[in-house]
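Heads up, the thing below is written out as structure tokens.
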Amino acid sequence: MKFLAASSFDNPADARLYNRVAARLLPFLLVLYIVSFLDKVNVGFAKAGMSADLGLSDTAFGLGAGIFFIGYCLCEIPSNLALQRFGARLWIARIMLVWGLISAGMMFVSTERQFLVMRFVLGVAEAGFYPGIVFYLTFWFPARLRSQVCAIFFLGIALSGVVGGPLSGAILTVFDGTLGMRGWRWLFLIEGLPAVLLGVATWMYLDDGPAKARWLSAADRQRITATLAREAAEQPAGAHGTSHRFTDAFRNRNVWLMTAVNFALLGNTYGVSFWLPQIARGLGVRTPMANGLVTMLPFLVATVAMLAISRHSDRQGERRRHLIASSLASALGLALAAVSAGMPVLSLTGLALALSGALGGLAVLWAIPGTLLTGVAAGAAIALMATIGNLSGYVSPVLIGWISQHTGHVENGLLALSAITCVLSLCAWALAPVVVVPDETGTALLSSKS
């Protein structure tokens, strides 16, 4: 199966090799991310039942949805460094086993305080998964392919909405009252246990890098590692002319600019994901099953848009303009969804545009860090971007919840996210105009043009 566009390659041998690697890694990693993202946002589908049983206000729910990211961000950089120390296979398997058990344990929550504590601990358990996988992919794929590769991985966000909406609606409907338990408790149990099973599968299936991949021939392993080594040699040196060190990530202006853009795009993604079931109810969708089907639609559109944006970015060898356009499209979509309250078609169109811009922008954005820095500095930069960026996962649901409770309209929260995105999109304008260009060896380099 061809995951990567033929136009991305100069010769058929490279196309066959990297598509083979993609076919081996990306479907499995995609499943992991679908389960991961679903376990983060399924609390949005559980909200109605939890609020009734536990007496949660919109503000308390927003705090619980967002406090996950406090624990997540506190442990993000240490977790990403641990992945480099202990190997991707062990560390990703560990993350999945622990978070799966905690996610399933959400079924036992009976008070607001327990809800907040469990969400915080779940964030600690899952820390490092998302940036760890992004960093792991740089072990396998050269820079010219990473926008497509990241887009396929980020499909987990979109597909979790496509799969998660109907699945969550079905669980809430079918299992409510079974064995005397409410549907939202079954939701956490049924959607949490797959992570435990996938943790075991991760240990058995993944390799720490191409050098240990026995499913590749020795020549293919050498070809991949040599290509990545040439890229690393062509990148600018770190401070004092040495190879990049941990602290170089914090001194790089572009890393901080990308962190700000990541904050905006992730904030839009999580804000819409957490509150979309409530927005759908506000449009007149009442039953859990119908709600799940309606919430699936914006994610379906975003899936197609993200793949198209990432392929176009790789084909053009350009990142900055694609990132700017995607960020502004996301802000426009949020504004459209907010001002078209009461008009379901327009509102859902706006949400689809917001998610499309956010996810397309993320796919392009995350293709850049591995071309700026190498080694431990690259891991630190990716973790830094994820750490601060994921704070938006705390800010956006809390902000929407607070505004919704005090104004009576969740749409006003979407307007606030749109304004924040417009402001932080200026950081995309300020990025160095970097262009990924192939040299005569086929190695993708990062050149800066002024």
key: Reach of Lys2 by Cα under 17 Å, taken over aspartates and glutamates that are not fewer than 8 positions away in the same chain   = Asp10, Asp14, Asp314
ask   = Once the Cβ-Cβ distance between Ala233 and Tyr205 is put in as r, and R0 is 30 Å, what FRET efficiency do you end up with, to the nearest 0.05?
value = 0.45
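Okay, helix-only estimate at 222 nm for the chain: each DSSP H run of n ≥ 4 adds -39500 (n - 2.57), divide by all residues, round to 500 deg cm²/dmol; what do you get? Don't skip to the end; give the middle numbers.
Details: 20 runs with 341 residues, N = 450.
For the chain, the value works out to -25500 deg cm²/dmol.
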ask   = Which entry in (1) 64; (2) 55; (3) 47 is this structure's computed percent of Cα pairs over 28 Å apart?
value = (3)
task = Just grab the label-to-label distance for Ala290 and Leu101, each label 7 Å out from Cα along the Cβ direction, in nm (one decimal).
result = 4.2 nm
key: Amide proton proximity set for Glu318, modelled H, under 5 Å, gap of 5+   = Val436
inquiry  = For a Förster distance of 41 Å, can you work out the FRET efficiency between the beta-carbons of Ser57 and Val304, rounded to the nearest 0.05?
reply    = 0.65
task = Taking 7 Å along the Cα-to-C-beta vector as the label spot, tell me the Ser110-Met343 distance in nanometres, rounded to one decimal.
result = 4.9 nm
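Read-outs throughout are calculated quantities, based only on the coordinates presented, and are distinct from any laboratory measurement. Remember, it's a predicted structure, so these values are computed and weren't measured experimentally. Note that each Cβ is placed from the backbone with ideal geometry, even for glycine, and that neighbours are counted across all protein chains shown.
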